[in-house]
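The values are calculated or read from the model by the stated rules, or taken from the named source; none is laboratory data. Keep in mind that this is a model prediction, so the values were computed, not measured. Note that each Cβ is placed from the backbone with ideal geometry, even for glycine, and that neighbours are counted across all protein chains shown. Side chains are part of the model used for accessible areas, which takes the heavy atoms of the whole protein and leaves out ligands, DNA and RNA. Shrake-Rupley method; radii C 1.70, N 1.55, O 1.52, S 1.80 Å.
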Amino acid sequence: MNVAEKTKTIQPDSLIGKRIPKMDAPEKASGKTRYIHDIDLPGQLHGKILRSARVHARIRSIDTSAARALPGVHVVITAADIPDQRPIGVAKDHLPLKRDRVRSQRDEIAAVAAESEEIALQALKLIKVEYEDLPIISDPTEAIKPGAPLIHPEPHGADGSHEHLKQGMPVAYAGKPDNIAMRFDYGHGDVAQGEAESDVVIEDTFKLHYVTHCCMGVSGIIAEFDASGNLLMYSNTQVPFLHKREFAEYLNMDPSRIRIIQPPIGGGFGSKLDIYPFEVICVFLARAAKRPVKMVFSREEEFLASPTRQPVLLTLRSGCRKDGTLTFRQVHTLHDNGAYTSWGATTPFVMMQTFSSLYRVPHCDYHTTAVYTNNPYAGSFRGYGNLQATFAIEAHMDKLAEAIGMDPLDFRLKNAQEKGEVTGQGMSFKSCGFKECLTTAASRSDFRRKHRENIRNRNTPDPVKRGIGIASMLHVGGGAKIYPSDGCGTILKLDDFAHVTLITGASEIGQGSETVLSQLVCEELGLPISAVTVVNNDTDITPWDVGVHASRTTFIAGNSAIGAAKKAKAKILAAAAKKFECPEADLDLRGGFIIKAASGEPLIDLARLMRNLHFTEKAELVMTTFYYEPPSKHQDKGFKGDVSAAYAWATQVVEVEVDTETGIVRMTRVTGAHDVGRVLNRLGIEGQIEGGVVMGQGYALTEDLTIENGVMRNPNFRDYKLVTAPEIPEMDISFIESMDGEGPQGAKGVGEAPAICIAAATANAIYNATGVRIYGLPFTPERVYRALHGKAEKPYWKPWKPE
Amino acid sequence: MSLKHDIEFTLNGVKRRATVGVGMTTLDMLRDVIGLSGTKYGCGEGECGACTIVVDGASLNSCLMFAVDCHGRNVTTIEGLASDAKADALRDAFVLHGAVQCGFCTPGMMMQASHLLACHPDADADTIKRGIEGNLCRCTGYKKIVDAIASVGETAK
Amino acid sequence: MTGIERYVVPASLEQAVECLQQLGEVTILAGGTDLMPQSQAGRLKIKRTLMNIRRIPELKGIALDGDVIRIGALTTISEIMRNDLVKKHLPVLAEACDHFASDQIRNAGTLGGNICNASPAGDTLVPLIVLDAEVELASKPDGKVYQRTMPLAEYFVGPGKTRRAPAELLTGVRIPLPPAGHVARFFKFGTRPALDISAISIGIAGILNQGVMTNVRVAFGAVAPTPVRALHTEEALEGKRLDAATIESVANVARDEVKPIDDIRATAWYRKEMIHNMTKRMLDHVAQA
């Protein structure tokens, strides 16, 4: 530092709200980032899995002798070779290697570890399996019927009598007497009273389809045991600490002997919240081979063996008064669980929030039944049930408004939640920009005028009709307390050069958490973003975090990082105050210096102060830790409670052109207004929202994972159509900064929000354009064309709940 | 095993030899034989563009190209682009415009963008969107990628 | 994995057809964009010899040969799209190329490959058929190189199957220069500008004189095992004034003429509807132009 600099004053500056490029972007744009696919360990073998050739069958026999004899093959395993395998998944109904029965097309039967992928694949072809086909149940409405063939039948002895199993045995062993995987029943108020008070009551069934994540980087894992039996996994998990515990259970190991390293990940979107059979199988292979084993999917396998968003049949009954007040909602949903239970079954947690609390509704009744079928099984996916719930609700908001002759925007404004409200489900909205979202998105898109005009133009000769539709969403924005902890730890250290190492439990999955957390730390310590290195991918180093889900990382890990930075700042200022013999309050950190708070005059550069502190007799280092646990609550048994520390809101207006002669729907423009609390990194948040909008566009228009009788028809990008660049709409995104009191610098979570309303708003836009409402997704040309020509089947599912 | 063949070609400006399987893809050659991992496998069917490289001045999906067909040709991968001073502007634009999230599509997107700009230095947004229609991105929604490429085109003017 | 025993790279047409004649079981490699994914996925097995024809000069280039435009089999889709002769005389072919896959695939994929792959949805096939294109086939059965030509409309036998004999090589395509007053239109159904396997495609060509279409050619893609000429539709349009009544009746004939199937991309019913609606739309555009 020179003297001239010393005499200058340093002006206050802030990184908050700026456009900060992602810290890992230069490496990624140079092709230097090493994803799991790019990592090879010395002595590594390649693992491959033999999957079922049948959808539902008994396994009569498996002959692996020819595969074992193939040169280059180290290990071949089947369920018989792993007597200690344990059931995995949310309901413990899933053995990684199937024993006597396959229940879906993706089911794992055997696995090989070999010198090369080519040899491993060749070995798979040499494995002979004899099957005895069983009836396929691929329709959830059939699966719930009494007497339907069972996906997980209870075991019977040789004499046909029921085998007596210990109480509490997992479903994988004990089976189930019916196909019901999970149930959720929620209610507040009295829907009968609500219905009696209604002037208008409507009921419709909505049919939501299968889609899948399509992470550009396919799934992969590398597993290795050291000489002492400690397990090291290179994994793409979004929840490393939960997985450490779960792997320990599945492998009958001490959790402290499991270490997970997370290389950069080629996309997550919720797909990596559960442990899947391939991961456990890869560990079995590594254990048996005593060598590192790497397993990477092909794209086809990625489609076949990845989780999906959950298909839902949903019957919604809603009512309102003539003055536009909502009176009640009654919801019955049937979730296609697939053959095993993963997080998809638990999405009703989120769905019921939307039904009970997006709009003010005095009486609400919600029931979900998730049923086993022989279809692919559903996991968690960005939005977590909320796309499906919002699709139904927002269709009814439009229909009710039309029925009472009210403008659809006014109807929504009348029923919109406001700051300070506590909903029937017990969610309390401490910050809420919902009404501002509605009015901003509507005015920026000129919604009212276009909505009226489009209706007038429905009967003009032009075959291309224009439509505009609006939809809104509520989602957790301050974590979600669904585990005993919803917290995140931070360890922060400054070195002798005032370089910060931020060690956080929060994982980077492409969303930009590294950059935002660095920004928050730099904001406290008055440092440039280049002064931070983030360590966030090794469970032996990083402190606990519950994982990347529920749009929680900025909020939870952000508060944690700020906590650690504040402690470091206090320590630094205390040392500086001593050195300059002044009160700490007179000092501040800015531009890499200790400054006089009042004048901005720099006193000493931070690096020198750090060395002063370190290389003295009473040597000290600045190292701090902080743990943040949000002030949210677990829900009670009736699903009531304030599950998140903050809630995020958004309104999206979608404009479309519908070609009535082809059924092709073009999405021309999306106007979004998002209550994000506060914008931290403008570049990052725009990217999250634009990406989410286009993911929502795919859900609405193009993506359709087609399952026929349990068989996936389109496990490829040719026929499973992601949105491509020429198809994207114009996007106009506004941020509503409601400055949440608990959020880091006022921010709330936003990761899932942008994908949620697009399909719902598109349905309303198509109706606005054509006068035809379509109750099933996606709006592919043929579905739309059929609907326009009265040839669409309107889905109907009679509300049903067990008992 | 399968039939091997010796080829000689220029890779990122350096002449080299390789022994490759006759049925092997150029992608597998780059990643597994030569050890350059910047070119990514996304689908193996030419539908996603993650494996885009430039051969004799034209962008191609390396997963669709037979490795033996590289013989005598001039191949550029992301590693070659990354060490090219002219490409720095493109990389900086991707970084500054937020065109990178998970980054898995980025090397292929960069390769296609460099080829696009070589063909259309002043490409407008619509031309750019068409130019990258063979490159899938699941994170960004493409807008920031289009912005990044357009900014380099404008600077080049 | 692969059963390839031999890899050959002929330097001339003569060498290539000699190889085909002598080696018998040969898989031909041009751009590789269909061959590679099909062989990798096991949908197609590469035969004992893989013959890379990319070094054969006779298969390259686009040239005017009298009143015929000849496009060499190795010409890439991108080269066709950018070629001035094509843009001037065969704009409908350039347009179809613009709807073909993606830039990367257009840069690698060849016209000969698209023809020999013989997909019912091949993007260049329908426009080439309505342009009366012929394919050139070369062979060397008895020590001498023979060439024969065949109308493209007769070349296809089924999905992936053509009338090319195993010892023949497709060397190029010959397209007569369209006469004055020639109009040609191409429509590919899809939600994307390209990178889409068409659910249906339509080609219409003919000579338009004072509102009357003659020398009519109509072809459809993805409604049969091969791209097909629609003879009834042509007949319904031939010599007729392009008024609303004609257009509607031609569109009805078109709908009745095609016999598509249900598949992952569309149902037969919808394909027939699209054939009707888009034939009508294309003819409306021709009439208004």
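So what is the accessible area of chain A per residue, in Å², with the probe set to 1.4 Å? Before the final figure, lay out the partial values.
On the way: 27650 Å² over 803 residues.
With the other protein chains kept in place, chain A gives 34 Å² per residue.
Averaged over its residues, how many other protein chain Cβ atoms are within 10 Å of peptide A:264-271's Cβ atoms? Could you put the intermediate results ahead of the total?
Numbers: counts 3, 3, 9, 8, 3, 3, 0, 0.
Going residue by residue through A:264-271 and averaging, the value is 4.
May I ask for the net charge around A:ALA66, where only other residues with Cβ less than 10 Å from the Cβ of A:ALA66 are counted and Lys, Arg are +1 while Asp, Glu are -1?
Values: positive: A:ARG68, A:LYS125, A:LYS128; negative: A:ASP63.
Within the 10 Å Cβ shell, the charges total +2.
For chain C, what does -39500 (n - 2.57) per DSSP helix run (n ≥ 4), summed and divided by total residues, give at 222 nm, in deg cm²/dmol to the nearest 500?
Details: 11 runs with 98 residues, N = 289.
The helix contribution divided over chain C gives -9500 deg cm²/dmol.
At 7 Å along the Cα-to-beta-carbon direction for both A:GLU421 and C:ASP132, put a label point, then send me their distance in nm to one decimal.
7.2
Could you work out the Kirkwood radius for the stretch A:463-577, taking every pair of different alpha carbons, averaging 1/r and inverting it, reported in Å?
Values: mean 1/r = 0.0640 Å⁻¹.
Final number for the Kirkwood radius of the stretch A:463-577 is 15.6 Å.
How high is the relative contact order of chain A, given as a whole-number percent (alpha carbon pairs under 8 Å, six or more residues apart)? Please report the intermediate quantities before stating the final value.
Working: 1995 pairs, mean separation 129.8, N = 803.
Relative contact order of chain A: 16 percent.
Evaluate the relative contact order of the stretch B:4-81 (contact order divided by residue number), counting alpha-carbon pairs under 8 angstrom at least 6 apart; express in whole percent.
Values: 158 pairs, mean separation 30.9, N = 78.
So the answer I get is 40 percent.
Classify the stretch A:1-130 from the C-alpha gyration tensor, please: rounded if a/c falls under 1.5, else prolate or oblate depending on whether a/b exceeds b/c. Spell out each step's value before the answer.
Details: a/c = 4.17, a/b = 2.54, b/c = 1.65.
The shape class here is prolate.
So how strong a dipole does the stretch C:6-52 carry about its Cα centre when Lys and Arg Cβ are +1 and Asp and Glu Cβ are -1, to the nearest 20 debye?
Values: 5 positive and 4 negative charges, 56 e Å.
In debye, rounded to 20, the stretch C:6-52 gives about 260.
Give the Rg (one decimal place) followed by the Dmax (whole number) of the stretch C:58-176, computed from C-alpha coordinates and expressed in Å.
13.6, 42
How large is the charge dipole for the protein assembly as shown, taken about the Cα centre, if only the Cβ atoms of Lys, Arg (+1) and Asp, Glu (-1) carry charge, to the nearest 20 debye? Working shown, then result.
Numbers: 141 positive and 148 negative charges, 52 e Å.
Rounded to the nearest 20 debye, it is 260 debye.
Report, to the nearest whole %, how much of the accessible area of chain C belongs to carbon and sulfur atoms, 1.4 Å probe, protein only.
On the way: 5820 of 11480 Å².
Within chain C, the accessible surface is 51 percent carbon and sulfur.
Have a look at the protein assembly as shown and give its Rg and Dmax from the Cα atoms, expressed in angstrom.
Rg and Dmax of the protein assembly as shown, Cα atoms, are 31.8, 105 Å.
Taking the Cα atoms of the stretch A:160-245 alone, what are Rg (to one decimal) and Dmax (as a whole number) in Å?
Using the Cα atoms of the stretch A:160-245, the pair Rg, Dmax is 23.9, 73 Å.
If r is the Cβ-Cβ distance from C:ARG163 to A:GLU657 and R0 is 60 Å, what FRET efficiency results, to the nearest 0.05? Display every interim value, and only then the final one.
Details: r = 43 Å, r/R0 = 0.72.
E between C:ARG163 and A:GLU657, to the nearest 0.05, is 0.85.
Can you figure out the FRET efficiency of C:THR149 with B:ALA89, using R₀ = 41 Å and their beta-carbon distance, to the nearest 0.05? Numbers along the way, then the final one.
Details: r = 50 Å, r/R0 = 1.23.
That gives a FRET efficiency of 0.25.
Average partner chain C-beta neighbours within 10 Å, per residue of A:17-24?
Numbers: counts 0, 0, 3, 1, 8, 6, 1, 5.
Counting Cβ atoms of other protein chains within 10 Å of each residue's Cβ and averaging gives 3.
Quick check: the angle from helix C:244-257's long axis to the longest principal axis of chain C, C-alpha only, nearest 10 degrees?
40
How far apart, in nm, are the 7 Å Cα→Cβ label points at C:SER12 and B:ASN74?
Distance between label points: 2.9 nm.
Can you find, among C:PRO37, C:CYS19, C:ASN52, the residue farthest towards the positive end of the dipole of the stretch C:6-52? Put +1 on the C-beta of Lys and Arg, -1 on that of Asp and Glu.
Ranked along the dipole, the leading option is C:PRO37.
Within 10 Å of each candidate Cβ there may be at most 10 other Cβ atoms; applying that plus a DSSP loop requirement, which chymotrypsin sites (Phe, Trp or Tyr not before Pro) in the stretch A:598-690 survive?
A:PHE615
Probe of 1.4 angstrom, ligands and nucleic acids ignored: what's the accessible area per residue over the stretch B:85-156, in square angstrom?
On the way: 2210 Å² over 72 residues.
Normalised by residue count, the accessible surface of the stretch B:85-156 is 31 Å².
Between C:ALA180 and A:ASP719, take the C-beta separation as r, use R0 = 41 Å, and let me know the FRET efficiency to the nearest 0.05. Before the final figure, lay out each step's value.
Values: r = 43 Å, r/R0 = 1.05.
My answer for the efficiency is 0.45.
In the protein assembly as shown, what percentage of the DSSP-assigned beta bridges are antiparallel, given to the nearest 5?
Details: 161 of 200 bridges.
Antiparallel bridges make up about 80 percent of those DSSP assigns within the protein assembly as shown.
Relative to the longest principal Cα axis of chain B, at what angle does helix B:106-119 sit, 0 to 90 degrees, rounded to 10?
Tilt relative to chain B: about 80 degrees.
Subtract the Cα-Cα distance of A:ASP636 and A:ASP538 from 0.36 nm times their separation in residues, and report this length gain in nm to one decimal. Write out the running numbers ahead of the final one.
Working: separation 98, 0.36 × 98 = 35.28 nm, distance 3.43 nm.
Between A:ASP636 and A:ASP538, full extension yields an extra 31.9 nm.
When Cβ neighbours within 10 Å are restricted to other protein chains, what is their mean count per residue of peptide B:50-60?
Details: counts 3, 1, 4, 1, 2, 2, 1, 1, 8, 8, 10.
Partner-chain Cβ atoms within 10 Å, mean over residues of B:50-60: 4.
Using helices alone, I'd like the mean residue ellipticity at 222 nm for chain A: each DSSP H run of four-plus residues gives -39500 (n - 2.57), total over residue count, nearest 500.
Details: 22 runs with 219 residues, N = 803.
Mean residue ellipticity, 222 nm, calculated: -8000 deg cm²/dmol.
When the Kirkwood hydrodynamic radius is evaluated over all pairs of different C-alpha atoms of the stretch B:85-156, what value in angstrom, to one decimal, is obtained? Mind showing how you got there, number by number?
Values: mean 1/r = 0.0858 Å⁻¹.
With all distinct Cα pairs of the stretch B:85-156 included, I get 11.7 Å.
So what is the relative contact order for the stretch C:58-176, in percent, with contacts set as C-alpha pairs under 8 Å and at least six apart? Intermediate values should be presented prior to the final figure.
On the way: 219 pairs, mean separation 34.3, N = 119.
It comes to 29 percent, rounded to a whole number.
Where Lys and Arg each count +1 and Asp and Glu each count -1, what net charge lies around A:THR539 among other residues with Cβ under 12 Å from its Cβ?
Details: positive: A:LYS244, A:ARG245, A:ARG257, A:ARG259; negative: A:ASP538, A:ASP540, A:ASP545.
For residues surrounding A:THR539, the net value is +1.
For the stretch A:394-461, which trypsin sites (Lys or Arg not before Pro) are in a loop by DSSP, counting at most 14 other Cβ atoms within 10 Å?
Those satisfying the criteria are A:LYS419.
Return the tail of the calculated pair distribution for the stretch C:182-288, meaning the percent of Cα-Cα pairs more than 15 Å apart.
Numbers: 3311 of 5671 pairs.
The proportion of pairs with Cα distances above 15 Å equals 58 percent.
For the stretch B:4-81, treating each Cα as an identical point scatterer without solvent, what Debye log10 I(q)/I(0) comes out at q = 0.16, 0.24, 0.26 1/Å?
-0.47, -1.15, -1.37
Run the accessible area of chain B with a 1.4 Å probe and give the carbon-and-sulfur part as a rounded percent.
Of all accessible area on chain B, carbon and sulfur atoms account for 50 percent.
Would you mind calculating the gained length between A:LEU603 and A:ASP254 on full extension (0.36 nm times residue separation, minus the Cα-Cα distance), in nm to one decimal? Kindly include the intermediate steps, with their values, before the conclusion.
Working: separation 349, 0.36 × 349 = 125.64 nm, distance 5.18 nm.
Separation in residues times 0.36 nm, less the Cα-Cα distance, equals 120.5 nm.
Counting other Cβ atoms within 10 Å of each Cβ, which chymotrypsin sites (Phe, Trp or Tyr not before Pro) in the stretch A:701-803 have at most 12 and sit in a DSSP loop? The partial results should precede the final answer.
Values: sites: A:PHE717, A:TYR720, A:PHE735, A:TYR767, A:TYR775, A:PHE779, A:TYR785, A:TYR796, A:TRP797, A:TRP800; in loops: A:PHE717, A:TYR720, A:TYR775, A:PHE779, A:TYR796, A:TRP797, A:TRP800.
Within the stretch A:701-803, the qualifying chymotrypsin sites (Phe, Trp or Tyr not before Pro) (loop, at most 12 other Cβ atoms within 10 Å) are A:TYR796.
Which angle from 0 to 90°, rounded to the nearest 10, does the C-alpha axis of helix B:143-156 make with the longest principal axis of chain B?
Between the helix axis and the principal axis of chain B, the angle is about 90 degrees.
Normalized C-alpha radius of gyration of chain C, against 2.2 N^0.38 Å? Could the numbers behind the result be given before it?
Working: Rg = 19.3 Å, N = 289, 2.2 N^0.38 = 18.9 Å.
In units of the 2.2 N^0.38 Å rule of thumb, it is 1.02.
Once you place label points 7 Å from the Cα toward the Cβ at A:THR625 and C:LEU64, how far apart are they in nm?
8.2
Kindly provide the helix-only [θ] at 222 nm of chain B, computed as the sum of -39,500 (n - 2.57) over DSSP H runs of four or more divided by all residues, to the nearest 500 deg cm²/dmol?
Numbers: 5 runs with 49 residues, N = 157.
Using -39500 (n - 2.57) per qualifying helix, the result is -9000 deg cm²/dmol.
Mind ordering A:474-481, A:681-688, A:573-580 by average Cβ neighbours within 10 Å, highest first? It would help to have the intermediate numbers written out before the result.
On the way: A:474-481: 28.9, A:681-688: 23.6, A:573-580: 16.5.
My ranking of the peptides, most packed first, is A:474-481, A:681-688, A:573-580.
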